[in-house]
């Protein structure tokens, strides 16, 4: 019987696809395609999962009161402002449904592919706004939207952005984003990678959530705490919107083990400190190594990944890395603004980053 090869992934982390090309077991792949914290999962999560196995006999608390309380304490908010979800992807879906009340939604590009999935699922008119990538490459901070070019008034439109930006890693200041909250009818800000920044450098809009009823903030617990298999994220938004989304969705979207792990990790200050100490020097060293390789141009980034421009085909480079070194990088052909001359890589442990640099030097 002939098996067709797995379809080319549109997300990172598809080890089955990579292993089919490298002719090895999925666990033999060194994965730089998924931007997951290499220091985790934290011991606090493992302990919570082990102690919670008995809860599998029972349905989860449908209100997730303890998880919402833990998240509320972390953000200094009432739990009424928080809605846990089956990964940030689930709450993004409901954000897309909410945005159907707008004439159109402005989407700075390149953009994470799931934004298009959510918006197109509900028939939302999308207005792409290409970012100035050259400015980002030079360490400058371009504007997100040129309001004067929009076919509709911004007060009739929604805006969907992420900060730090995926895939470039660029970070806008909170002050630079506040005018958009005043201008647009609804604003959704994906802060999935904000936790990776030191607390005094974070540019979250959470402190302004009570001032802007039109604001939705999406957060992830799986990337920073290395728990993508559990699927756990949450939205921070006005309590009226939280109740509305609860009425739309299926019950028990967050399983009991994810609930317990989430409660444990948000208070794990030691793991948070270890991650924020590991990332800046590891990222800087990796960026310097990339910049030293001919034909590669890494973009400066604030998150746990780097966008790299290449003079040759990134998909061909991806294939060579897999077949020669069993290393997987994230090609960017699913980002129409980037195409086959960019790839994105996660920042991993120093010895793994060095293995990537040696593989790239061999495959260029």
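Out of all the residues in segment 199-217, is one or more out of contact with any helix residue (DSSP H, G or I) (no Cβ under 6 Å at 6 or more places or on another chain) and within 24 Å of residue 337 (Cβ to Cβ)?
Looking through segment 199-217, none of the residues is out of contact with any helix residue (DSSP H, G or I) (no Cβ under 6 Å at 6 or more places or on another chain) and within 24 Å of residue 337 (Cβ to Cβ).
Each row is one residue, and each column tells you yes or no for (1) at pLDDT below 95; (2) surrounded by fewer than 17 Cβ atoms within 10 Å (Cβ to Cβ).
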site: 19; (1), (2): yes, no
site: 44; (1), (2): no, no
site: 54; (1), (2): yes, yes
site: 85; (1), (2): no, no
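Which count do you get for residues in segment 144-183 that are part of a loop (DSSP other than H, G, I, E, B) and under 26 Å from residue 266 (Cα atoms)?
Kept after step one, since they are part of a loop (DSSP other than H, G, I, E, B), are these residues of segment 144-183: 144-146, 150-153, 163-173.
Still in the list and also under 26 Å from residue 266 (Cα atoms): 163-167, 169-173.
Summing the residues that are part of a loop (DSSP other than H, G, I, E, B) and under 26 Å from residue 266 (Cα atoms) in segment 144-183 gives 10.
Could you tell me which residue of segment 291-315 is nearest to the chain's Cα centre (by Cα), considering only residues that are in a helix (DSSP H, G or I) and surrounded by fewer than 20 Cβ atoms within 10 Å (Cβ to Cβ)? Even if it seems obvious, please write down each step before you answer.
The initial filter retains those residues of segment 291-315 that are in a helix (DSSP H, G or I), namely 291, 314-315.
Filter once more, keeping what is surrounded by fewer than 20 Cβ atoms within 10 Å (Cβ to Cβ): 291, 315.
On the way: 291: 24, 315: 22 Å.
Once the filter is applied, the top-ranked residue is 315.
How do the pairs read when you match residues in segment 196-209 that are free of Cβ contacts under 8 Å to residues at least 60 places away in the same chain with residues anywhere that are surrounded by fewer than 13 Cβ atoms within 10 Å (Cβ to Cβ), using Cβ under 6 Å and keeping only pairs 6 or more apart or on different chains?
Between residues of segment 196-209 that are free of Cβ contacts under 8 Å to residues at least 60 places away in the same chain and residues that are surrounded by fewer than 13 Cβ atoms within 10 Å (Cβ to Cβ), the close pairs are 203/173.
Can you tell me which residue among 282, 346, 261 is buried (at least 22 other Cβ atoms within 10 Å of the Cβ), out of contact with any strand residue (DSSP E or B) (no Cβ under 7 Å at 6 or more places or on another chain), within 21 Å of residue 34 (Cα to Cα) and modelled with pLDDT of 95 or more?
Numbers: 282 fails: buried (at least 22 other Cβ atoms within 10 Å of the Cβ); 346 fails: out of contact with any strand residue (DSSP E or B) (no Cβ under 7 Å at 6 or more places or on another chain).
Of the residues listed, the single one that is buried (at least 22 other Cβ atoms within 10 Å of the Cβ), out of contact with any strand residue (DSSP E or B) (no Cβ under 7 Å at 6 or more places or on another chain), within 21 Å of residue 34 (Cα to Cα) and modelled with pLDDT of 95 or more is 261.
Determine whether residue 83 is closer than 19 Å to residue 232 by Cβ and either assigned to a strand (DSSP E or B) or not assigned by TED's automatic domain parsing to the domain that holds residue 208 (or both).
Details: closer than 19 Å to residue 232 by Cβ: yes; either assigned to a strand (DSSP E or B) or not assigned by TED's automatic domain parsing to the domain that holds residue 208 (or both): yes.
For residue 83, the condition - closer than 19 Å to residue 232 by Cβ and either assigned to a strand (DSSP E or B) or not assigned by TED's automatic domain parsing to the domain that holds residue 208 (or both) - is met.
Here is a list: 54, 69, 89. Which entry is without any contact (Cβ under 8 Å) to a residue 24 or more places away in the chain, touching a helix residue (DSSP H, G or I) at 6+ places or on another chain (Cβ under 8 Å), assigned by TED's automatic domain parsing to the domain that holds residue 236 and more than 17 Å from residue 215 (Cβ to Cβ)?
Values: 54 fails: touching a helix residue (DSSP H, G or I) at 6+ places or on another chain (Cβ under 8 Å); 89 fails: without any contact (Cβ under 8 Å) to a residue 24 or more places away in the chain.
Step by step, each of 54, 69, 89 is checked, and only 69 is without any contact (Cβ under 8 Å) to a residue 24 or more places away in the chain, touching a helix residue (DSSP H, G or I) at 6+ places or on another chain (Cβ under 8 Å), assigned by TED's automatic domain parsing to the domain that holds residue 236 and more than 17 Å from residue 215 (Cβ to Cβ).
Looking at the structure I just gave you, is residue 344 touching a residue at least 60 places away in the same chain (Cβ under 8 Å) and either under 24 Å from the mean Cα position of the chain (by Cα) or in a loop (DSSP other than H, G, I, E, B) (or both)?
Values: touching a residue at least 60 places away in the same chain (Cβ under 8 Å): yes; either under 24 Å from the mean Cα position of the chain (by Cα) or in a loop (DSSP other than H, G, I, E, B) (or both): yes.
So residue 344 fits the description; yes.
For residues that are farther than 14 Å from residue 49 by Cβ and either part of a helix (DSSP H, G or I) or without any contact (Cβ under 8 Å) to a residue 24 or more places away in the chain (or both), tally how many sit in segment 244-262.
Final tally of qualifying residues: 6.
Scan segment 129-148 for residues that are surrounded by fewer than 18 Cβ atoms within 10 Å (Cβ to Cβ) and farther than 17 Å from residue 185 by Cα and jot them down.
130, 132, 134, 135, 137, 138, 139, 140, 141, 142, 143
When segment 271-314 is examined, which residues are found to be under 22 Å from residue 47 (Cα atoms) and without any contact (Cβ under 8 Å) to a residue 12 or more places away in the chain?
273
For segment 132-143, which positions are at negative phi and either in a helix (DSSP H, G or I) or touching a residue at least 40 places away in the same chain (Cβ under 8 Å) (or both)? Show your work before the answer.
Within segment 132-143, the subset at negative phi is 132-138, 140-143.
Selection gives 133, 134, 135, 136, 137.
The values are calculated or read from the model by the stated rules, or taken from the named source; none is laboratory data. Predicted model, so just to flag it, every value in this text is computed and none were measured. Here Cβ is always computed from backbone atoms with ideal geometry, including for glycine, and neighbour counts include all displayed protein chains.
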